[in-house]
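After the structure tokens below, expect a handful of questions from me.
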Amino acid sequence: MNANPRQHRSVTFSQAVEDSPSLARLTELVHDSNARLKAIESVIPATLRSAIQAGPIDGETWCLLLSSNAAAAKVRQLLPVIQTRLNDKGWKVTSIRLKILITRK
């Protein structure tokens, strides 16, 4: 008997993204979220920037991931300026959610 062994084909991440519309959309959203964070960098105090990460985008809602409650409290005060900056840059953002990243020790 000559069984045909299953052949596996290696693909690069870029090839996988090209072959999958859902992966392509996810990659696009990640790039968009990172671009938004870059666009608001100048309105965030330098000492606070390392505490913020770009989060998921859900329609007109964008999420920022924060390293602490203190960082979230400071960013909450900047939300009107951040939202205005994003809208001025062409992103339609009607709300920004803040989420605290929990680190396990």
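The values are calculated or read from the model by the stated rules, or taken from the named source; none is laboratory data. None of these values were measured; they are calculated from a predicted model. Every residue, glycine as well, gets a Cβ built from its backbone with ideal geometry; the counts of neighbours run over all protein chains shown.
Could you tell me which residue of segment 26-42 is surrounded by the most Cβ atoms within 10 Å (Cβ to Cβ), considering only residues that are of a type outside the set (A, V, I, L, M) and over 14 Å from Leu78 (Cα atoms)?
Here is the first cut: in segment 26-42, the ones of a type outside the set (A, V, I, L, M) are 27-28, 31-34, 36, 38, 41-42.
Keeping just the survivors that are over 14 Å from Leu78 (Cα atoms) gives 27-28, 31-34, 36, 38.
Details: Thr27: 16, Glu28: 12, His31: 11, Asp32: 13, Ser33: 19, Asn34: 12, Arg36: 22, Lys38: 11.
Only one residue tops the list, namely Arg36.
Which one of Trp91, Trp62 is more than 12 Å from the chain's Cα centre (by Cα) and of a type in the set (Phe, Trp, Tyr)? Reasoning before the result, please.
Values: Trp62 fails: more than 12 Å from the chain's Cα centre (by Cα).
Checking each option against the conditions leaves just Trp91.
Here is a further query. Hey, any hits in segment 43-52 for a residue that's buried (at least 16 other Cβ atoms within 10 Å of the Cβ) and over 12 Å from the mean Cα position of the chain (by Cα)?
Step one: filter segment 43-52 for residues buried (at least 16 other Cβ atoms within 10 Å of the Cβ), giving 44, 51-52.
Those left that are additionally over 12 Å from the mean Cα position of the chain (by Cα): 44, 51.
Yes: one or more hits.
Could you list, ordered by first residue, the pairs with Cβ atoms under 9 Å in which the first is in segment 57-76 and closer than 15 Å to Arg97 by Cβ and the second is part of a strand (DSSP E or B) and polar (S, T, N, Q), at least 6 apart or interchain?
Correct list of pairs: Glu60/Ser95; Thr61/Ser95; Trp62/Ser95; Leu64/Gln53; Leu65/Gln53; Leu66/Gln53.
Further question on the same structure: Of the numbered conditions (1) surrounded by 12 or more Cβ atoms within 10 Å (Cβ to Cβ); (2) modelled with pLDDT under 85, Asn4 satisfies every one except a single condition; which is it?
Answer for Asn4: the failing condition is (1).
Does Ala39 qualify as being outside any strand (DSSP E or B), without any contact (Cβ under 8 Å) to a residue 12 or more places away in the chain and of a type in the set (A, V, I, L, M, F, W, C)? Steps first, answer last, please.
Values: outside any strand (DSSP E or B): yes; without any contact (Cβ under 8 Å) to a residue 12 or more places away in the chain: no; of a type in the set (A, V, I, L, M, F, W, C): yes.
Criteria not met by Ala39.
If Asn34 satisfies all but one of (1) out of contact with any helix residue (DSSP H, G or I) (no Cβ under 7 Å at 6 or more places or on another chain); (2) modelled with pLDDT under 95, what's the number of the condition it fails?
So the condition that Asn34 fails would be (2).
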